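Note sheet for the following structure.
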Amino acid sequence: MRDFIPVCEPMLAGNELAYVTDAVSTGWISSSGKYVTEFEKAFADYCGVSHAVAVCNGTVALHLMLVAAGIGPGDEVIIPSFTMASSAFAVCYTGAKPVFVDADCETWNIDVSKIEKKITNKTKAIMPVHIFGNPCDMDALSTIAHKHGLLILDDSAEAHGAEYKGKKTGSFSDITSFSFFANKNLTTGEGGMVVTDSKSHFDRLRYFRNVCFPLDAPRVYMHEDIGFNYRMSNLHAAIGLAQVEKADHYRDLRIRNAQLYAKHLSRVPGITFQKDTTGALNVHWMNAIVIDPKVFGNGRDGVISRLRERGIDTRLLFTGMHRQNALRKFGCDCSGEYPVCDRLTANGFYLPSGSNLTEEEIAYVSKVVIESSGKGF
């Protein structure tokens, strides 16, 4: 067993080196090259959608998705408070305002029952985030969106290959964005993807991604709109194509990790796991636990300290968007109570979650967690 167990590291167990070597040896290292188009097609097929647009990271995938959907100044987009800051920041980039909703106490996703109270005449979209790979209640979200004439713009940064009622993420929203950061279930090191079944959205995604050059006309360096250079390189796409070829294998390894942690820790008093959404396949990007210090006998920070002493890496959970000074300065409404989000922030953390963890390592991590209680569970 390793002396140090990282919280999450990439697994590169396929054709990554061969494809990158081919890209380098042929000189196709920028955004032109066969691997970009092959990666886009393979990922669209994997998600079960018609179109995919590769970009240089997950945050710009979110921004490009919002721009393609027509989100702009004066608009509001409803998002969970319990999420990575990139979700909120991307809305801000457009000039729109993110509006926050507390987390569900069991699934940790956006609390669907509280969404309608946040809808105003400025609301243009709901942007659910499938927290840690656990799909949201998409039937309930779709009902609300249809009732109020809203788009669903899906943040699937953490949910590659997750399913809701047999459909993969990417296939049940108007537009969906993904991240391929190094710790994701599928990675390109840095990178992202936006997918859709809409041809009009697809055209806008491609148009704005490439500095608003005309899609079907000669390049004469005249621009009608302000665009972005959000292109993915052929090198990153080469890694991505190799990753998609083994996507279900990597997904199964993350699910196996979650099952092993549950075997060791689910009956320990004072430890709570995320509950899977009904009808969904959670792909467990991260295995997070929440500690009740009164029951467990030690607080979150004490457990993390003990794990660190034993060479086990961890990370804190997100701090809610309603607590972010940057968003308050931007003019977002950060008032109100978000008790579930605050509880997750105060008492939760990630256990090591990489696809290449061994059963022995997961058992060891679990043993150290239990020992840190001091109660001899």
By residue number, the members of the stretch 99-146 that are under 16 Å from Pro339 (Cα atoms) and of a type outside the set (Val, Ile, Thr) are Phe100, Asp102, Ala103, Asp104, Cys105, Glu106, Trp108, Asn109, Asp111, Ser113, Lys114
Would you mind stating whether Ala238 is in contact (Cβ under 8 Å) with a residue 24 or more places away in the chain, of a type in the set (Gly, Ala, Ser) and buried (at least 24 other Cβ atoms within 10 Å of the Cβ)? yes
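Restricting the search to the stretch 326-377, which residues are of a type in the set (S, T, N, Q) and either in the same structural domain as Pro73 (by TED's automatic domain parsing) or crowded, with 17+ Cβ neighbours inside 10 Å (or both)?
Of everything in the stretch 326-377, those that are of a type in the set (S, T, N, Q) and either in the same structural domain as Pro73 (by TED's automatic domain parsing) or crowded, with 17+ Cβ neighbours inside 10 Å (or both) turn out to be Thr345, Asn347, Ser353, Ser355, Ser366, Ser372, Ser373.
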Within the stretch 259-280, which residues are closer than 20 Å to Ser353 by Cβ and touching a residue at least 60 places away in the same chain (Cβ under 8 Å)? Leu260, Tyr261, His264, Leu265, Val268, Ile271, Gln274, Lys275, Asp276, Thr277, Ala280
Considering only residues that are of a type in the set (Gly, Ala, Ser) and part of a helix (DSSP H, G or I), which ones fall in the stretch 233-245? Ala237, Ala238, Gly240, Ala242
Counting only residues that are outside any loop (DSSP other than H, G, I, E, B) and without any contact (Cβ under 8 Å) to a residue 24 or more places away in the chain, which one in the stretch 326-359 is farthest from Trp108 (Cα to Cα)? Lys329
Of the conditions (1) surrounded by fewer than 16 Cβ atoms within 10 Å (Cβ to Cβ); (2) in contact with a strand residue (DSSP E or B) (Cβ under 9 Å, 6 or more places away or on another chain), the single one that Ile291 does not satisfy is (1)
I need the full set of residues from the stretch 291-325 which are assigned to a helix (DSSP H, G or I) and small (Gly, Ala, Ser), in order please. Gly302, Ser305
Selection from the stretch 95-117 of residues surrounded by fewer than 19 Cβ atoms within 10 Å (Cβ to Cβ) and closer than 25 Å to Val194 by Cα yields Gly95
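What are the residues in the stretch 1-36 that are among the hydroxyl-bearing types (Ser, Thr, Tyr) and either touching a residue at least 40 places away in the same chain (Cβ under 8 Å) or closer than 30 Å to Glu359 by Cα (or both), if any?
If the condition is that a residue be among the hydroxyl-bearing types (Ser, Thr, Tyr) and either touching a residue at least 40 places away in the same chain (Cβ under 8 Å) or closer than 30 Å to Glu359 by Cα (or both), then Tyr19, Ser30, Ser31, Ser32, Tyr35 are the ones that fit.
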Restricted to the stretch 246-275 and to residues being in contact with an Asp or Glu (Cβ under 9 Å, 6 or more places away or on another chain) and part of a loop (DSSP other than H, G, I, E, B), the residue farthest from Val129 (Cα to Cα) is Pro269
Which number in (1) more than 18 Å from Ala52 (Cβ to Cβ); (2) crowded, with 20+ Cβ neighbours inside 10 Å marks the one condition that Gly149 misses? (2)
Being at pLDDT 95 or above and surrounded by fewer than 19 Cβ atoms within 10 Å (Cβ to Cβ) narrows Thr83, Thr120 down to just Thr120
In the stretch 50-59, how many residues are farther than 15 Å from Ser173 by Cα and crowded, with 24+ Cβ neighbours inside 10 Å? 4
Within the stretch 281-309, restricting attention to residues that are of a type in the set (D, E, K, R) and in contact (Cβ under 8 Å) with a residue 40 or more places away in the chain, which residue is nearest to Arg343 (Cα to Cα)? Asp292
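Given the residues Val67, Val49, Val99, which is the only one that is closer than 23 Å to Thr319 by Cβ and β-branched (Val, Ile, Thr)?
Within the list Val67, Val49, Val99, the selection yields Val99.
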Condition test on Leu186, is it more than 22 Å from Asp252 (Cα to Cα) and modelled with pLDDT of 95 or more? no
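The values are calculated or read from the model by the stated rules, or taken from the named source; none is laboratory data. A quick note: this is a predicted structure, and the numbers were derived from the prediction, not measured. Note that each Cβ is placed from the backbone with ideal geometry, even for glycine, and that neighbours are counted across all protein chains shown.
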